[in-house]
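Here is the structure we will look at.
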Amino acid sequence: MGRPMAANLVKAGHDVTVWNRTPKSLEGARTAATPAEAAKNADVVWMCVADTKAVESVLFGPNGVAEVLRPGVTVIDSSTIAPLATRDFAARVRAKGAEFVDAPVTGSKIGAENAQLLFIVGGPEKAVAALDPLFKALGKKVIRVGETSAGESAKIGMNLMIASIFEGFAEALALTGKLGVPPEKLVELIESSMIRSGVTDYKASFVLNHDWSPNFPLRLMLKDIHLMLDAARHEKLKLPALEEIEKVYQKAVAEGHTNDDFAATVETVRNL
């Protein structure tokens with residue numbers, strides 16, 4: 001996700017320096033050796049990495065962004081991470097005089113490539129408004145959900161729905177397949193009825209073609225499921241359906257689907 005986002009910032013005429021833990025260059029951008037080097041003299045530091053631990057490392061690890069933060073800089077995090085950790089990171093960034101905005105995205109790899117992302121934003125209203133030209137270079141819409149960590153909280157809620165809707169789709173395919181309904185006919189019915197959803201619209205063609213190339217890798221969806229369950233435990237809330245879905249994902253990992261798209265759970269459900 002981060003690479004096409006950076007590429008679209010370059011296309012929009014912004015001065016971009018990139019860093020990746022596996023060194024990669026990007027046409028039109030400078031390449032830095034460390035996060036601190038990438039952030040030095042920047043007005044905006046934008047992160048999009050895999051998980052909470054990676055965000056903490058980029059910000060506060062050796063040669064991290066925090067070493068060069070100064071008043072007037074805004075840090076944007078478009079990773080999907082724990083809301084509680086986001087609040088902690090934001091406080092530590094603000095202690096340096098800088099600002100912090102959590103802005104996870106939805107739209108998958110295709111949305112990132114086509115600058116059609118939806119930004120789900122938490123942070124001070126004034127700080128978010130100032131970033132509007134950058135968001136417009138990368139996405140189709142920005143929704144400010146609330147203050148710090150609200151973006152992350154809303155994002156894991158949305159991903160909970162994606163996981164749940166897709167699980168229902170996978171189970172329906174498994175059951176109706178056993179009963180003799182061709183999968184393409186079930187998809188046709190879904191697309192013609194009130195149960196149609198953006199999840200099935202996007203994923204159905206991949207499922208019908210048994211194409212598990214990763215648009216949203218299963219390992220990252222499982223990471224997000226763990227974020228959801230951890231947040232629920234913190235709030236003393238039970239998510240019984242999600243607890244069962246987590247077991248399906250763990251089995252899918254055991255079957256070798258870790259780096260496949262999460263749609264590969266269709267195969268796991270068929271074999272339960």
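Out of curiosity, is S193 polar (S, T, N, Q) and either in a helix (DSSP H, G or I) or touching a helix residue (DSSP H, G or I) at 6+ places or on another chain (Cβ under 9 Å) (or both)?
Here the answer is no, as S193 does not meet what is asked.
Just to be sure I understand the filter: pairs with C-beta atoms under 7 Å, separated by 6 or more residues or on different chains, first member in region 245-260 and farther than 14 Å from P217 by Cα, second member assigned to a helix (DSSP H, G or I) and of a type in the set (A, V, I, L, M, F, W, C). Which pairs pass?
I245/A163; I245/I225; E246/I225; E246/L229; V248/V269
Select from region 175-201 the residues that are crowded, with 17+ Cβ neighbours inside 10 Å and within 23 Å of the chain's Cα centre (by Cα) and write down the one among them that is farthest from D261 (Cα to Cα).
S197
So which residues in region 187-213 are without any contact (Cβ under 8 Å) to a residue 40 or more places away in the chain and hydroxyl-bearing (S, T, Y)?
If the condition is that a residue be without any contact (Cβ under 8 Å) to a residue 40 or more places away in the chain and hydroxyl-bearing (S, T, Y), then S192, S193, S197, T200, S205 are the ones that fit.
Can you pull out the strands (runs of 3 or more DSSP E) entirely within region 6-111 that have at least 1 residues that are crowded, with 19+ Cβ neighbours inside 10 Å and outside the structural domain of G139 (by TED's automatic domain parsing)?
In region 6-111, there are no strands (runs of 3 or more DSSP E) which contain 1 or more residues that are crowded, with 19+ Cβ neighbours inside 10 Å and outside the structural domain of G139 (by TED's automatic domain parsing).
Six or more apart or on different chains, Cβ under 9 Å: which pairs go from a residue in region 128-148 that's more than 15 Å from V45 (Cα to Cα) to one that's acidic (D, E) and surrounded by 13 or more Cβ atoms within 10 Å (Cβ to Cβ)? Could you list them?
So the pair list comes out as T148/D102.
Looking only at region 112-157, how many residues end up being crowded, with 16+ Cβ neighbours inside 10 Å and among the basic types (K, R)?
The number of residues fulfilling the criteria is 2.
Sort through M1, M5, M47 and tell me the only one that's farther than 17 Å from E152 by Cα and under 14 Å from the mean Cα position of the chain (by Cα).
None of the other options fit; the residue is M5.
List the pairs whose first member sits in region 173-186 and is assigned by TED's automatic domain parsing to the domain that holds F206 and under 18 Å from D201 (Cβ atoms), whose second member is among the polar types (S, T, N, Q) and modelled with pLDDT of 95 or more, and whose Cβ atoms are under 9 Å apart, counting only residues at least 6 apart or on separate chains?
P183/T176; K185/T176; L186/T176
In this structure, does A98 turn out to be more than 22 Å from I156 (Cβ to Cβ), more than 19 Å from the chain's Cα centre (by Cα) and in contact (Cβ under 8 Å) with a residue 24 or more places away in the chain?
yes
Which residue, of L237, L229, L242, is without any contact (Cβ under 8 Å) to a residue 24 or more places away in the chain and surrounded by 15 or more Cβ atoms within 10 Å (Cβ to Cβ)?
One residue alone meets the criteria, L229.
Mind checking which residues of region 117-168 are of a type in the set (D, E, K, R) and in a helix (DSSP H, G or I)?
Listed by number, the residues that qualify are E125, K126, D132, K136, E152, K155, E167.
The values are calculated or read from the model by the stated rules, or taken from the named source; none is laboratory data. Everything numeric in this text was worked out from a predicted model, so none of it was measured. Counting neighbours? That spans all protein chains shown, and the Cβs are built from the backbone with ideal geometry, glycine included.
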